[in-house]
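Notes follow once the structure below has been shown.
The values are calculated or read from the model by the stated rules, or taken from the named source; none is laboratory data. Please read all numbers here as calculations on a predicted model, not as lab measurements. Just so you know, the surface numbers come from the protein's heavy atoms only, side chains and all, with ligands and any DNA or RNA stripped out. Shrake-Rupley method; radii C 1.70, N 1.55, O 1.52, S 1.80 Å.
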Amino acid sequence: MAPVGGKRLSLSGSSSSKDDGVLARVSRSSIVTKGKQAACGATYVGKKIAKSTGKAAWLVATTFLVLGLPLIIVMDREQQLNDLDLQQASLLGAPPASVVAPQKLAFLVLPLPQLLHPK
């Protein structure tokens, strides 16, 4: 910068407190220093939380792809086979499987309490 009155002005703070500007004095105050430390601490914690959340999301997503997706595919295939059997049975004139299945289930469930608690 151009010298003014024999003194050179600079944007950086000078070593003497007489030439310090208001901004330089405020930025060295204890409140600003504590605020900077708190902001740095909050940034550190935020980065750690974001990193661990990302790891957890990766774990959940890969677990779902490895375990959940094949299970969903098998269940869908089983449902399609059941629908196909029901359709073929209705074309051949047999009673629907939904009417037969509860009777079988009731037969299997009803004797169980008698086996557990004989008289």
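If you check A101, A94, which single one turns out to be outside any helix (DSSP H, G or I) and modelled with pLDDT under 85? Within the list A101, A94, the selection yields A94.
Of the conditions (1) hydroxyl-bearing (S, T, Y); (2) modelled with pLDDT of 85 or more; (3) open to solvent by 80 Å² or more (accessible area, probe 1.4 Å), S15 fails just one. Which one is it? So the condition that S15 fails would be (2).
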